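J.: Pasting in a structure now, in structure tokens, and then I'll have a few things to ask.
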Amino acid sequence: MLNPVNIKELLSKSKQQNRGQGEHLIEDAKRVLRRDLFSESKILQNLKAYNSAKDLLEEEGLDKENLFLLKDIKTTCVNYRLRFLDSEFYSAEIPFEAIAKIKALNQSQHKDLKHFKVLGSKQALCGKSEEEVLLLCKTLDENYYLIHRWGQALKWSRRWFTWPLRNFENLFISVALITAFITLVLPTGLISLDETIGYFSGFRLAAFFHLLIFNFGVTAYITFAFNKNFSSSVWNQSSEF
């Protein structure tokens, strides 16, 4: 439970959780439609899509364990506050092993691949952390193929520390729980000057609501002042880079 976690394992778990019984049938149907779209009789009608396909990976022959849907990636990014951005936003140097794998894919598929993405924490993508980074490439079926990964595994505690910033509901619950804890540990003497009242009273309830309003104000200020947007809205946004 306290062991570090790597991002690929997180993606695989998200894939298992998100994939329903009919998911494979839908993916197969998409592949059939895609092949039909690029049949000789329809190439001219869909020339724009055909030209863009020259930059994308074909999934046939690839390791299925390294193929991930966009929703698998989004789930992992939101849960662990990671970013999924174009590779140009990666500030550090991409390892030689990753470049070699890209060249091998280019040769095997006879393409000049583009549409590369990096997945990792904001600090890792900015070169300020040695945490794990994944390099992925978009496929013809609009999935993403894991080409290479490097860096250190994420700390086991990351999911819990980033839980409040997933969305507004999580932030509300977190502030309310912290406020409730503070209210419960406050001595009765700090809540009321009346020494005859018991521990549980209307004064403690009133203190909870006053502290809740105060804590929400402080949280809102910190959120806006330090540009702490929710993970659900910035997981694929490059506005802060």
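Every read-out reported here was derived from the displayed coordinates using simple, explicitly stated rules and does not represent laboratory data. Source: prediction; values computed, not measured. Positions of Cβ are generated from backbone atoms using ideal geometry, with glycine treated the same way; all protein chains shown enter the neighbour counts.
J.: Give the share of C-alpha pairs in each 5 angstrom bin for the stretch 162-234, from 0 to the last occupied bin, in whole percents, shortest bins first.
T.: Percent of pairs per bin, in order: 3, 15, 23, 18, 13, 10, 8, 5, 3, 1, 0.
J.: Take residue 3 and residue 206, extend 7 Å from each Cα along the Cα→Cβ direction, and tell me the distance between the two endpoints in nm.
T.: 5.4 nm
J.: Something else about it: I need the calculated FRET efficiency for the pair residue 70 and residue 215, taking r as the beta carbon distance and R₀ as 51 Å, to the nearest 0.05. Can you show the working numbers first?
T.: Numbers: r = 36 Å, r/R0 = 0.70.
Using R0 = 51 Å, I get an efficiency of 0.90.
J.: If you split all Cα-Cα distances of the stretch 86-221 into 5 Å bins from zero, what percentages do you get per bin, shortest first?
T.: Pairs per bin, as whole percents: 2, 8, 13, 12, 10, 9, 8, 7, 6, 6, 5, 5, 3, 2, 1, 1, 0.
J.: Here is the link list: 15/138; 13/111; 101/138; 13/71. Which ones come out longer than 24 Å on Cα distance? Please report the intermediate quantities before stating the final value.
T.: Details: 15/138 17 Å; 13/111 31 Å; 101/138 15 Å; 13/71 12 Å.
In this structure, 13/111 lie more than 24 Å apart at Cα.
J.: Ratio to report: Rg/Rh of the stretch 55-115, with Cα atoms as the point set and Rh obtained by the Kirkwood method; give two decimals.
T.: Computed over Cα atoms, the ratio is 0.99.
J.: Tell me, in nm to one decimal, what length is gained between residue 126 and residue 89 on full extension, where the rule is 0.36 nm per residue of separation less the Cα-Cα distance? Walk me through the numbers on the way to the answer.
T.: Details: separation 37, 0.36 × 37 = 13.32 nm, distance 0.78 nm.
Difference between extended and current length: 12.5 nm.
J.: Return the loop-located GluC sites (Glu not before Pro) in the stretch 132-201 (DSSP other than H, G, I, E, B) with at most 16 other Cβ atoms within 10 Å of their own Cβ; answer none if there are none. Each step should come with its number before you reach the end.
T.: Details: sites: 132, 142, 169, 195; in loops: 132, 142, 195.
Filter output for the stretch 132-201: 142, 195.
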